[in-house]
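Contents: one structure, followed by commentary.
The values are calculated or read from the model by the stated rules, or taken from the named source; none is laboratory data. Because the structure is predicted, anything quoted here is derived from the model rather than measured. All Cβ positions, glycine included, derive from the backbone under ideal geometry; neighbour counts span all protein chains shown. Accessible surface areas use protein heavy atoms only, side chains included; no ligands, DNA or RNA. Shrake-Rupley method; radii C 1.70, N 1.55, O 1.52, S 1.80 Å.
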Amino acid sequence: MEKLWTTGEVARYLGINDVDVEQLVREGKLTGYKLVGQFLRFRPSQVEQVKATMRFRPNPVTSEASLRPS
């Protein structure tokens with residue numbers, strides 16, 4: 001079973017911030033799964049598909065070394 005990513009992990013991978021990840025969910029561009037009613041989790045394969053099909057503005061807070069969550 002694939003490990004689900006947190007909002008923070010997705011944000012680092014995409015080079016955006018947590019609020020932008022939540023916006024992608026609201027716009028229907030990314031599917032998030034709620035755990036315990038409020039914590040979103042994401043399938044890495046879906047996040048990778050979004051990254052391949054969308055262009056994101058670079059977030060100066062993220063670094064290249066930490067883009068891929070473990």
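Miscellaneous remarks
- Considering residues of the range 34-70 that are of a type in the set (A, V, I, L, M) and at pLDDT 60 or above only, the residue most open to solvent (accessible area, probe 1.4 Å): 36
- Taking (1) part of a strand (DSSP E or B); (2) open to solvent by 60 Å² or more (accessible area, probe 1.4 Å) in turn, residue 2 satisfies each apart from (1).
- Here is the figure for the range 5-20: residues that are among the β-branched types (Val, Ile, Thr) and without any contact (Cβ under 8 Å) to a residue 12 or more places away in the chain total 1.
- Qualifying positions in the range 16-33 - open to solvent by 80 Å² or more (accessible area, probe 1.4 Å) and of a type in the set (Val, Ile, Thr): 19
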